[in-house]
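Below: one structure, written as structure tokens.
The values are calculated or read from the model by the stated rules, or taken from the named source; none is laboratory data. Everything numeric in this text was worked out from a predicted model, so none of it was measured. Quick reminder, even Gly has a Cβ in these numbers, built from the backbone with ideal geometry, and neighbours come from all protein chains shown.
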Amino acid sequence: MTAPAQTILDLRGLRCPQPVLRAKKALRTLAAGDALVLECTDPLTVIDVPHFCHQTGHRLAAQARKDELYVFTIVKRS
């Protein structure tokens with residue numbers, strides 16, 4: 001059994017709704033259980049990304065802020 005893959009999306013400089021739209025597109029290419037890490041600079045992503053996960057059923061596994069960078073880890077639902 002292989003470990004789940006992790007894909008990092010650099011979304012710095014993109015404003016709402018682009019980070020969520022790009023995440024949605026990237027999740028289509030991942031297998032269930034794989035992780036997608038979003039690196040964002042738009043402060044609204046702290047609202048948009050959790051809402052997106054709630055709406056789509058994907059799991060928001062982690063959320064952190066490092067200075068001006070917002071980092072989210074989404075695990076694709078099965």
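In the set LEU38, LEU14, only one residue is of a type in the set (A, V, I, L, M), out of contact with any Asp or Glu (no Cβ under 7 Å at 6 or more places or on another chain) and modelled with pLDDT of 95 or more; that residue is LEU38. Restricting attention to region 41-78, the residues being of a type in the set (Ser, Thr, Tyr) and either in contact with a Phe, Trp or Tyr (Cβ under 8 Å, 6 or more places away or on another chain) or modelled with pLDDT under 95 (or both) number 3. Would you point out the residue of region 28-65, among those that are in contact with a helix residue (DSSP H, G or I) (Cβ under 8 Å, 6 or more places away or on another chain) and hydrophobic (A, V, I, L, M, F, W, C), that is nearest to PRO4 (Cα to Cα)? Here the answer is LEU36. Listed by position, the strands (runs of 3 or more DSSP E) inside the chain whose residues that are aliphatic (A, V, I, L, M) and without any contact (Cβ under 8 Å) to a residue 24 or more places away in the chain number at least 1 are 59-66.
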